[in-house]
1. Counting only residues that are part of a strand (DSSP E or B) and either surrounded by fewer than 19 Cβ atoms within 10 Å (Cβ to Cβ) or free of Cβ contacts under 8 Å to residues at least 60 places away in the same chain (or both), how many does the stretch 32-42 have?
2. Can you pull out every residue in the stretch 92-116 that is among the hydroxyl-bearing types (Ser, Thr, Tyr) and loosely packed, with under 12 Cβ neighbours inside 10 Å?
3. Could you tell me whether any residue of the stretch 218-237 is under 26 Å from Lys136 (Cα atoms), in contact with an Asp or Glu (Cβ under 6 Å, 6 or more places away or on another chain) and at pLDDT below 90?
4. Look at Ser18 and say whether it is modelled with pLDDT of 95 or more and not aromatic (Phe, Trp, Tyr).
5. Would you please name the residue that is farthest from the chain's Cα centre (by Cα), looking only at residues in the stretch 228-251 that are assigned to a strand (DSSP E or B) and among the aliphatic types (A, V, I, L, M)?
6. Scan the stretch 21-40 for residues that are within 21 Å of Glu110 (Cα to Cα) and among the small types (Gly, Ala, Ser) and jot them down.
7. Which of (1) over 30 Å from Asn126 (Cα atoms); (2) surrounded by 15 or more Cβ atoms within 10 Å (Cβ to Cβ); (3) touching a residue at least 40 places away in the same chain (Cβ under 8 Å) does Asp45 not meet, given it meets every other one?
8. With the requirement that a residue be under 22 Å from Arg139 (Cβ atoms) and without any contact (Cβ under 8 Å) to a residue 40 or more places away in the chain, what does the stretch 170-187 give you?
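The values are calculated or read from the model by the stated rules, or taken from the named source; none is laboratory data. Remember, it's a predicted structure, so these values are computed and weren't measured experimentally. Neighbour counts run over all protein chains shown; Cβ positions are idealised from the backbone, glycine included.
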Amino acid sequence: MRYWLVIFIFLINLSANSQILNLGDPDFKGKIESVREKSNAYKNDWRDFFFDQSFRLSEKKSYRDNNLLEIVKWTYLDLDSIFIAKEAINGNKFIHKSYYDSNKRLKKFELYSSKDSIYPMIIETNITYNNNQIIKYDRILLNQRDTTVIETYMLEYTNDNNQVLIKKNDNRNISSETIILKYNKKGNLISKIIDYNNPETFLGGVRTWSSDKHDIYRIDYKYDKQGNWTKSYSVTWIWKHKINTREIKYK
């Protein structure tokens, strides 16, 4: 079970490279000094988060079985119309570039590896807005074999903006995906439901795929008064249990 949970977390972290659709955990808010995130299932696993003087995430240390597993560091550069985040994971470096229009709306995102600073690994482009809400964009995945996958995302919002429905397809028919994001009245993400139609993928250790049934995974969040989540829960058709608990230290 633990092996498949790790795969699911890795899948989500890959998606979190996207500046448009972030399938990782909700961003941190407010003047935070540090955060410790503890695993409910594995008592000797935890993650420590640290922040810079602008209260932006600057470092994450991940521990497994009381041993340091991974260090991730971030630095930032704001050039008005371009925002650059540099990420170092155990020495491997990545550059996230976000480009904005004159109205401060995102118009393109690129992810680079230190192995190739000329050609990006991921491009998010062709962003379509309805007022200030993104309703469509393309995510282009590139690799060294010159094979390109173009994922197209369509976003639909409820009138009160408390729910967003996202549908993803790709040009090679590898998989389709439906995501539902639910928010409370304060704009905090309280539930994330992922329906990933891919027989090669396990979500959260739950194999439910068949010709007429897909892997469906759900994560719920509970928040503190500052708008940061303190507890996360895994929810499937079988069970609901706590995943992580966060201890947050504010300035």
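1. 5
2. Ser102
3. no
4. So Ser18 does not fit the description; no.
5. Ile248
6. Gly24
7. For Asp45, the exception is condition (3).
8. Asp170, Asn171, Arg172, Asn173, Ile174, Ser175, Ser176, Glu177, Thr178, Ile180, Leu181
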